[in-house]
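Chemist: The structure under discussion is supplied below as structure tokens; questions concerning it will follow.
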Amino acid sequence: MWPAEFDYTRPSSVAEALQLLSDNEDAKLLAGGHSLLPAMKLRLNEAPLLIDISRIEGLGSISNNGSLKIGALCTHAEIAASADVQSSCSALATATGMVGDQQVRNWGTLGGNVAHADPASDPPTVLVAFDANINIEGASGSRSVAASDFFMDLFTVDLEPGEIITSIDIPDHPHEGCAYVKMPHPASRYAVVGICVVLHRDGGSCSGAHVAVGGATVRAMRSPGAEAALRGSSLDDAALDAAAAALKDDIANDLIGDMSFPEAYRQEMAGVYLKRAVKAAGG
Amino acid sequence: MAVVGKAVKRKEDPRLITGEARYLEDIKLPGMTHIAILRSPHAHANIVSINSERAAAVPGVIGVFTGQDFMDVNPLPCPWPAGGVDNNLNTPRALEVEKVTHVGAGVAVVVAEDRATAQDAVELVDVEWEVLPAVTDAEEATFDGAPQLHENAPNNVCMEWDCGDQSGTDAALGSSDVVVKQRLRNQRLIPTPMETRGCIAQHEAVNGEYTIWMTSQAPHVHRLLFTAFIFGVPENKVRVISPQIGGGFGAKIFMYPEYVLTTALSKKVGRPVKWVETRSENYIATTHGRDHVTDVEVGANRDGTITGLKVRTYANLGGTLSTVAPGIPTTLYGRMLSGAYKLPNIYCHVTGVYTNTGMVDAYRGAGRPEATYVVERAVDLVASELGMDPVEVRRKNFVPADSFPYEPSGNLLNGLSYDSGNYDKALDMALEMTGYEDFRAEQAAARAEGRYLGIGLSTYIEICGIAPSAWMFGEGWGAALWESANVRMHITGDVVVTSGSQSHGQGHETSIAQLVADELGVSMDQVHVQHSDTLGTPFGYGTYGSRSTAVGGVAVWRSLQRIKEKARAIAAHEFEANVDDVEYVVNDEGVGVVQVKGSPDQSKVVGEFMGIATSAAGGWDLPGDMEPFLDETAYYDPPDCTYPFGTHICIVEVDAETGNVGIKRYIAVDDVGKVINPMIVDGQVHGGIAQGVAQALWEGAQYDENGQLVSGSMMDYAIPRADLLPSFELGRTETPSPNNPLGVKGAGETGTIAATPAVVNAVVDALSHLNVRHIDMPLTPSRVWETIQSRSNGGNS
């Protein structure tokens, strides 16, 4: 558990950090350090320079002006405890409250979490379900990427070298219920499968639904089939069965597995947990 | 004011809770160097060449060494080959020279000024490998055409060993009403103590003495192995010290290559050398446990009487042998296969096999969990086959309470006998605590709703206080297993006990002090138990096998009797009385006094300043030629082992949709003989249950076909977590052991031994309406779910 030698610097602004990134080709950003540092200690990752952005001001707050804006340096614990998050996107409070243990949640940041894009991590699934946008600053200006596009593959995101995630926007998305549920891996507690459901209700029927899945798949992704099956239904057993079947179809080409939890099992469990998520969301 | 039997708070805990305890990693010596070990990335390979030039050139590197540099150091010994048979022994060297047989075997070492530099440099050591095909399964390794690991072990067999009565058992199975056959896999486990291993060695050139601080459960045994077997130096040249040890579970009993390497390097570089294992190294290079493949055949008559048990086991020993590897799946496994039952015929055949995996040796329970798993699963299989309640089958076959001492059939225990027991009583208590009949009604109602509840029993016995030296010698063990203790009462009346046992979580400093306090009539604060340093403690074989109280505690007790006799003699002299008229009594205040019988006015406190303690230590006026000081040493080698027993009951709910197993209740009634500190026993039982449950449900070391450890970190290897376990409901019966004067048996492993089959039996019971008879461990959600699916599709399991 001894990382290779590296240099360390701590800029005080995004502009300064961007300049450092531009001047040092293989430098890496350090925020909470809960993905990067373990990999460096195992020497699975090396960097000649770590640029510690954790104390840059203005990236660590949560605001709600119509849409929810979460600074990239907000910790999981801060997000889980935020009244704004709990009221407008309670599934994100649930998911960030499930990350790691208390120490990890006190250090790990949402920006670092999405940049790392572990397919079994909890928050990305919720961000995809809620049509979140990832706000990015780079040398050539700023851009915003939809979460569904941002998460591209295992540990692969739409983020260029030299760019910094500054915040995550969650658009105002009135809904009647939402939930994130997961089956935790017995060792890591990461998601074997995680499902986020956002429900819109019109009386007894479902007027619309967002369904996202993670853990079982190479990336957090939406299930258009499951959403279509739920939309217009009364969320009865038949609709849930249809949605589960559609979800399993939608993820069939994107499954991941291991010796303890093979792909086929995770695919089945995605269907089971979809039903549980709908029920947890009040369906 | 007796303290034995009371939940006295542990004397160890203040230093542990406040963080003041000093572990190996806390020790820093002037001029200390650090090492990093280059370990084989291949499971099976020849070492073609090693080039250390680039590594040696790194600033801060003191030296780079390979196996060739340690050819003057003997290979590690294996002092416990399987008894009575030939063993094809292959043990590791400090660094391997020609070939490696498992991932993680050390082949080169960098010594540097600091640990990070050593790590940087070790990555620059260039090794040319000739990679060979690997085999990881013990049974497959014996097949024709399997890769061959060692020239002296054809078909990778280390030894073939058996016990019991083969022809009698075959005949019994042939004439039984039913015979049930089942293959059982007892998967490999990784012990995972919170503290990894480590070693600091210092060599003094002027006198050739080594001081070795190391994570050891048995410092005297380590010194013995260093001196007589490895370096060929006398005992006075090696001092072994165990600092505070953060758990061992058996894995810290053994001699390991890194300890030898660190010690040899301290002489080579002329400076202290420190090695502390990373968790990644711990998972590949510290011993694992279990890993049996067993075919069991059990015969029974229609009334539930078991007629015979036949067991065929392949025991995976890893790529090379750890210190006592062959002894575990033989003596400590095969000889335990009668369980709590009066089985008329038993036969067990074990093949110990080399594979391209990490070394396997004793892990908490060591052989006895594997045996108990076979027996307790077999009993449930019989119940299932006959349509009987598993409680009924157990009662039918229990060794009756009036049959002790009980000698299992077929000379299974090779001359030893179960000491005492009342198996029905523990079972009754556990069933009462559970509300067994009510549960069966609840289970039926739940099934009607599609909920799968199950209950599982484990009416285990175990063998503790591993000792009788002559018996163990006959079992192949190349040393003895007695214990010793010295007790000194100082001039102020404070008592210092030194013991050859080693406490790494067991609470010796408290429970031994309780014994002393009651026996001598001194306060707990006056008793100081010292251990873990070969300089200053008498020889002992260390702490494992739940033996420290049953063997080492009795050595203390014997020393105390001698102290009391001497105190009486001194008092008789002072009182001018006949020694036979003087008695040593502990009064109502718990104070030990010597007094003339019938004349309480002629009385003197023993354990206080100016008491008998001072008379003895001062030595101004002692009778005859008596030597000064209350200072006595005793040795104890018991006539037999001790045999704790009990009933564990687990209630589970299986989530039919996911296969996830939730533990709803866990009831444990243990009989560990006389209890000295019930809180410490409860703690041992709690931890043991957690580890036993974890084997049933979560833990499992997994190698891929190339011999790479897939479960190489805690991200993949699931150790038990408090939030996955219910509050345990504990009960206890107390049947003293007649084999020692304290009546104690041993409490360190009961939970691990009992819990695993209780949980598996419960899950199988939950799915019994689907005609499920067995599922192999760990009962992960996917495995249970697949079983449910296969049954729903009409298959058999």
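Chemist: Output the residue which, of all residues in region B:367-396 that are in contact with a Pro (Cβ under 9 Å, 6 or more places away or on another chain) and among the hydrophobic types (A, V, I, L, M, F, W, C), is farthest from B:ALA300 (Cα to Cα).
Modeler: B:VAL374
Chemist: In addition: Would it be correct to say that B:LEU413 is among the hydrophobic types (A, V, I, L, M, F, W, C), assigned to a loop (DSSP other than H, G, I, E, B) and either in contact (Cβ under 8 Å) with a residue 24 or more places away in the chain or not assigned by TED's automatic domain parsing to the domain that holds B:VAL669 (or both)?
Modeler: yes
Chemist: May I pose another question? Using the structure shown, decide if B:MET715 is closer than 28 Å to B:GLY505 by Cβ, modelled with pLDDT under 95, outside any strand (DSSP E or B) and among the aliphatic types (A, V, I, L, M).
Modeler: So B:MET715 passes the test.
Chemist: Any chance you could count how many residues in region A:247-260 are buried (at least 22 other Cβ atoms within 10 Å of the Cβ) and at the interface with chain B (Cβ under 10 Å from one of its Cβ atoms)?
Modeler: Number satisfying all stated conditions: 1.
Chemist: For B:GLY688, are the conditions met, namely being farther than 22 Å from B:ILE190 by Cα, outside any loop (DSSP other than H, G, I, E, B) and not aromatic (Phe, Trp, Tyr)?
Modeler: For B:GLY688, the condition - farther than 22 Å from B:ILE190 by Cα, outside any loop (DSSP other than H, G, I, E, B) and not aromatic (Phe, Trp, Tyr) - is not met.
Chemist: Check whether at least one residue in region A:121-142 is farther than 30 Å from A:GLY203 by Cα, among the β-branched types (Val, Ile, Thr), modelled with pLDDT of 95 or more and buried (at least 24 other Cβ atoms within 10 Å of the Cβ), and report yes or no.
Modeler: yes
Chemist: A further question follows. Quickly run through region B:497-528 and pick out the residues that are free of Cβ contacts under 8 Å to residues at least 40 places away in the same chain and either buried (at least 24 other Cβ atoms within 10 Å of the Cβ) or closer than 25 Å to B:GLY246 by Cβ (or both).
Modeler: Within region B:497-528, B:VAL527, B:HIS528 meet the criteria.
Chemist: Which condition number in (1) modelled with pLDDT under 95; (2) buried (at least 23 other Cβ atoms within 10 Å of the Cβ) is the one that B:SER484 fails?
Modeler: (1)
Chemist: Next question, about the same structure. Answer yes if at least one residue in region B:117-130 is in contact with a Pro (Cβ under 8 Å, 6 or more places away or on another chain) and within 14 Å of chain A (Cβ to nearest Cβ), and no otherwise.
Modeler: Looking through region B:117-130, at least one residue is in contact with a Pro (Cβ under 8 Å, 6 or more places away or on another chain) and within 14 Å of chain A (Cβ to nearest Cβ).
Chemist: Taking B:GLN691 as meeting all but one of (1) in contact (Cβ under 8 Å) with a residue 12 or more places away in the chain; (2) within 14 Å of chain A (Cβ to nearest Cβ); (3) closer than 25 Å to B:GLY358 by Cβ, write down the number of the exception.
Modeler: (2)
Chemist: Just name the residue that is farthest from the chain's Cα centre (by Cα) out of those in region B:417-429 that are over 15 Å from B:GLU734 (Cβ atoms) and crowded, with 19+ Cβ neighbours inside 10 Å.
Modeler: My answer is B:LEU427.
Chemist: Here is a follow-up. Can you name every residue in region A:1-41 that is within 13 Å of chain B (Cβ to nearest Cβ) and without any contact (Cβ under 8 Å) to a residue 12 or more places away in the chain?
Modeler: Correct list: A:GLU5, A:PRO38, A:ALA39.
Chemist: Here's another thing I want to ask about it. Given B:ILE775, B:ILE788, which one is crowded, with 17+ Cβ neighbours inside 10 Å and either without any contact (Cβ under 8 Å) to a residue 60 or more places away in the chain or in the same structural domain as B:ILE512 (by TED's automatic domain parsing) (or both)?
Modeler: Just one listed residue meets the conditions, B:ILE775.
Chemist: Suppose we filter B:ARG290, B:ARG279 for residues that are touching a residue at least 60 places away in the same chain (Cβ under 8 Å), crowded, with 23+ Cβ neighbours inside 10 Å and either under 22 Å from B:TYR256 (Cβ atoms) or among the β-branched types (Val, Ile, Thr) (or both); which single one remains?
Modeler: Only one candidate qualifies: B:ARG290.
Chemist: Do any residues in region B:585-599 that are of a type in the set (S, T, N, Q) have Cβ atoms under 8 Å from those of residues that are at pLDDT 95 or above and outside any loop (DSSP other than H, G, I, E, B), where the two are at least six apart or on different chains, and which pairs are they?
Modeler: Taking only residues 6 or more apart or on different chains, the pairs are B:ASN587/B:VAL593; B:GLN595/B:ALA571; B:GLN595/B:VAL582; B:GLN595/B:GLU583; B:GLN595/B:VAL585; B:GLN595/B:SER603; B:GLN595/B:LYS604.
Quick grid of which residues meet (1) assigned by TED's automatic domain parsing to the domain that holds A:LEU110; (2) more than 16 Å from the chain's Cα centre (by Cα):
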position	(1), (2)
A:GLU25	no, yes
A:LYS28	no, yes
A:PRO48	no, yes
A:LEU68	yes, no
A:THR75	yes, no
A:SER82	yes, yes
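Chemist: Ok, one more. Of everything in region B:241-273, what is on the phi < 0 side of the Ramachandran plot, surrounded by fewer than 24 Cβ atoms within 10 Å (Cβ to Cβ), over 22 Å from the mean Cα position of the chain (by Cα) and not hydrophobic (A, V, I, L, M, F, W, C)? Give them in sequence order.
Modeler: B:LYS267, B:LYS268, B:ARG271, B:PRO272
Chemist: Kindly indicate whether A:THR125 is in a helix (DSSP H, G or I), touching a Cys at 6+ places or on another chain (Cβ under 8 Å) and of a type outside the set (A, V, I, L, M, F, W, C).
Modeler: Spelling it out, A:THR125 is indeed in a helix (DSSP H, G or I), touching a Cys at 6+ places or on another chain (Cβ under 8 Å) and of a type outside the set (A, V, I, L, M, F, W, C).
Chemist: Among the listed residues B:ILE676, B:ILE649, which satisfies the condition of being surrounded by 24 or more Cβ atoms within 10 Å (Cβ to Cβ), hydrophobic (A, V, I, L, M, F, W, C), farther than 19 Å from B:ARG377 by Cα and over 18 Å from the mean Cα position of the chain (by Cα)?
Modeler: B:ILE676
Here's the yes/no breakdown for (1) at pLDDT below 95; (2) assigned to a helix (DSSP H, G or I); (3) over 21 Å from the mean Cα position of the chain (by Cα):
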site: A:TRP2; (1), (2), (3): yes, no, yes
site: A:ALA17; (1), (2), (3): no, yes, yes
site: A:PRO38; (1), (2), (3): yes, yes, no
site: A:ARG43; (1), (2), (3): yes, no, yes
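Chemist: Given the criteria over 30 Å from B:ALA116 (Cβ atoms), within 14 Å of chain B (Cβ to nearest Cβ) and not charged (D, E, K, R), does A:MET98 qualify?
Modeler: Answer is yes for this residue.
Chemist: Quick check: is even one residue across region B:427-434 under 30 Å from B:ALA171 (Cβ atoms), hydrophobic (A, V, I, L, M, F, W, C) and touching a residue at least 24 places away in the same chain (Cβ under 8 Å)?
Modeler: The answer is no, given that none of the residues of region B:427-434 is under 30 Å from B:ALA171 (Cβ atoms), hydrophobic (A, V, I, L, M, F, W, C) and touching a residue at least 24 places away in the same chain (Cβ under 8 Å).
Chemist: A further question on this structure: Quick one: which residue in B:VAL669, B:VAL681 is buried (at least 24 other Cβ atoms within 10 Å of the Cβ) and either out of contact with any Pro (no Cβ under 7 Å at 6 or more places or on another chain) or at pLDDT below 95 (or both)?
Modeler: Within the list B:VAL669, B:VAL681, the selection yields B:VAL669.
Chemist: Okay, next question. Looking only at strands (runs of 3 or more DSSP E) that lie completely in region B:63-181, which have at least 2 residues being acidic (Asp, Glu) and touching a residue at least 60 places away in the same chain (Cβ under 8 Å)?
Modeler: B:126-131, B:157-164
Chemist: Looking at (1) touching a strand residue (DSSP E or B) at 6+ places or on another chain (Cβ under 7 Å); (2) closer than 18 Å to A:SER167 by Cα, which is the one condition that is false for A:ARG55?
Modeler: (1)
Chemist: Filter region B:698-725 for residues that are more than 9 Å from chain A (Cβ to nearest Cβ) and exposed (fewer than 14 other Cβ atoms within 10 Å of the Cβ) and give the result.
Modeler: Those that are more than 9 Å from chain A (Cβ to nearest Cβ) and exposed (fewer than 14 other Cβ atoms within 10 Å of the Cβ): B:GLU705, B:ALA722, B:ASP723.
The values are calculated or read from the model by the stated rules, or taken from the named source; none is laboratory data. Keep in mind the model is a prediction, meaning the values are calculated, not measured. Neighbour counts are summed over all protein chains in view; Cβ atoms, including those assigned to glycine, are modelled from backbone coordinates with ideal geometry.
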